[in-house]
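Inspection log for the structure reproduced underneath, given as structure tokens.
The values are calculated or read from the model by the stated rules, or taken from the named source; none is laboratory data. What you are looking at is a predicted structure, and each value in this text was computed from that prediction instead of being measured. A quick note on method: Cβ atoms are made from the backbone with ideal geometry, for glycine too, and the neighbour counts reach across all protein chains shown.
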Amino acid sequence: MIDLKRHIPVVADWPKPGVNFLDIGGLLANPPVFAYCVSQLADAIKSLEATSLVAVESRGFLFASAVASKLPVPIVLARKKGKLPGACYSYTYETEYSSDTVELQQDALLGARPVIIDDLLATGGTVLAVNQLIRQNFLVDSVSAAVVINLAFLPGAVNLAQQAVDLHYLIQYE
């Protein structure tokens, strides 16, 4: 078992004063540690019988791509407004710092049990926005989320539970 927290430097006062940013660059820079993260996420997602991985821009792309290489499921990209070609569904939401809009292509093949993948869960705003986008526009049985880091001192996990999004994470900060 690898202690992932040892590989995640904390950057004080970034992106604004008072915020301690957890930098996943340390996980990505160490191939055995990154492989361990991917393996652990893949194991958690395998039990969910996922039909797709919905990768959240941008750090979610890194983990979803690696996990998808271990599982026989497609990746669907959830991107910021104007970044995907073709017809898209969109959803605007509030973040910790501003408002944002996330989109999914209308012809995306999510299947009945998509799993949203991101690097970190804080308030849950982005994952909840992707969840709303999926539930409003696609026929699904359930939506789950898998992240590397859960910030338990923020309301993300509670907010996801209130919207019936099953959360899986590798490490938690209290």
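Can you tell me which residues in the range 73-86 are among the hydrophobic types (A, V, I, L, M, F, W, C) and in a loop (DSSP other than H, G, I, E, B)? Explain how you work it out, then say what you get.
Filtering the range 73-86 down to residues among the hydrophobic types (A, V, I, L, M, F, W, C) leaves 73, 75-78, 84.
Residues satisfying the conditions are Val73, Leu84.
What single numbered condition from (1) modelled with pLDDT of 95 or more; (2) buried (at least 24 other Cβ atoms within 10 Å of the Cβ) fails to hold for Leu128?
Result: Leu128 passes all but (2).
Are any residues in the range 36-53 in contact (Cβ under 8 Å) with a residue 40 or more places away in the chain and basic (Lys, Arg), and if so, which ones?
Kept after step one, since they are in contact (Cβ under 8 Å) with a residue 40 or more places away in the chain, are these residues of the range 36-53: 37, 40-41, 44-45, 48-53.
Scanning the range 36-53 gives no hits.
Just to verify a result, which residue in the range 1-41, among those that are surrounded by 13 or more Cβ atoms within 10 Å (Cβ to Cβ) and among the aromatic types (Phe, Trp, Tyr), is modelled with the lowest pLDDT?
So, considering only residues that are surrounded by 13 or more Cβ atoms within 10 Å (Cβ to Cβ) and among the aromatic types (Phe, Trp, Tyr), the one modelled with the lowest pLDDT is Phe21.
Can you report the number of residues in the range 70-81 which are exposed (fewer than 11 other Cβ atoms within 10 Å of the Cβ) and in contact (Cβ under 8 Å) with a residue 12 or more places away in the chain? Steps first, please.
Filtering the range 70-81 for residues exposed (fewer than 11 other Cβ atoms within 10 Å of the Cβ) gives 72.
Cutting the leftovers down to in contact (Cβ under 8 Å) with a residue 12 or more places away in the chain gives us none.
Matching residues across the range 70-81 total 0.
Inside the range 28-72, can you point out the residues that are part of a loop (DSSP other than H, G, I, E, B), of a type in the set (Asp, Glu) and either touching a His at 6+ places or on another chain (Cβ under 7 Å) or more than 25 Å from Lys83 (Cβ to Cβ) (or both)? Outline the logic, then answer.
Within the range 28-72, the first condition is being part of a loop (DSSP other than H, G, I, E, B), and the residues that meet it are 29-30, 47-51, 57-58, 69-72.
Applying the additional criterion that residues be of a type in the set (Asp, Glu) yields 49, 57.
Across the range 28-72, the qualifying residue is only Glu49.
Every residue, every condition in (1) without any contact (Cβ under 8 Å) to a residue 24 or more places away in the chain; (2) under 15 Å from the mean Cα position of the chain (by Cα), yes or no:
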{"site": "Val11", "(1), (2)": "yes, no"}
{"site": "Val19", "(1), (2)": "yes, no"}
{"site": "Phe34", "(1), (2)": "no, no"}
{"site": "Ala55", "(1), (2)": "no, yes"}
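Any residue in the range 45-59 that is farther than 23 Å from Val102 by Cα and of a type in the set (Gly, Ala, Ser)?
Checked against the condition, which is being farther than 23 Å from Val102 by Cα and of a type in the set (Gly, Ala, Ser), the range 45-59 yields at least one hit.
When only residues in the range 85-119 that are among the aliphatic types (A, V, I, L, M) and buried (at least 20 other Cβ atoms within 10 Å of the Cβ) count, which is farthest from the chain's Cα centre (by Cα)? Before you say what the answer is, go through the steps one by one.
Initially, the range 85-119 is screened for residues among the aliphatic types (A, V, I, L, M), giving 87, 102, 104, 108-110, 112, 115-117.
Retained after the next criterion (residues that are buried (at least 20 other Cβ atoms within 10 Å of the Cβ)): 102, 104, 108, 110, 115-117.
On the way: Val102: 13, Leu104: 14, Ala108: 17, Leu110: 15, Val115: 8, Ile116: 5, Ile117: 3 Å.
Here the answer is Ala108.
Could you list, in sequence order, all residues of the range 1-27 that are closer than 23 Å to Leu154 by Cβ and part of a loop (DSSP other than H, G, I, E, B)?
Filtering the range 1-27 for residues closer than 23 Å to Leu154 by Cβ gives 3-27.
Matches in the range 1-27: Asp3, Ile8, Pro9, Asp13, Trp14, Pro15, Lys16, Pro17, Gly18, Val19, Asp23, Ile24.
Give Val143, Val165 a once-over and let me know the one that is out of contact with any Ser or Thr (no Cβ under 9 Å at 6 or more places or on another chain) and within 22 Å of Val38 (Cα to Cα).
On the way: Val165 fails: out of contact with any Ser or Thr (no Cβ under 9 Å at 6 or more places or on another chain).
That would be Val143, the only listed residue that is out of contact with any Ser or Thr (no Cβ under 9 Å at 6 or more places or on another chain) and within 22 Å of Val38 (Cα to Cα).
Could you look through the range 125-148, keep only residues that are without any contact (Cβ under 8 Å) to a residue 40 or more places away in the chain and among the small types (Gly, Ala, Ser), and pick out the one that is farthest from Asn20 (Cα to Cα)?
In the first step, residues of the range 125-148 are kept if they are without any contact (Cβ under 8 Å) to a residue 40 or more places away in the chain; the result is 125, 128-129, 131, 135, 138-143, 145, 147.
Filter once more, keeping what is among the small types (Gly, Ala, Ser): 125, 129, 142, 145.
Values: Gly125: 18, Ala129: 24, Ser142: 33, Ala145: 23 Å.
Filtering the range 125-148 for residues that are without any contact (Cβ under 8 Å) to a residue 40 or more places away in the chain and among the small types (Gly, Ala, Ser), the one farthest from Asn20 (Cα to Cα) comes out as Ser142.
Suppose we filter Pro85, Pro114, Pro72 for residues that are at pLDDT below 95, of a type outside the set (A, V, I, L, M, F, W, C) and farther than 24 Å from Leu4 by Cβ; which single one remains? Quick ask: steps written out before the conclusion?
Numbers: Pro85 fails: at pLDDT below 95; Pro114 fails: at pLDDT below 95.
From the options Pro85, Pro114, Pro72, the qualifying one is Pro72.
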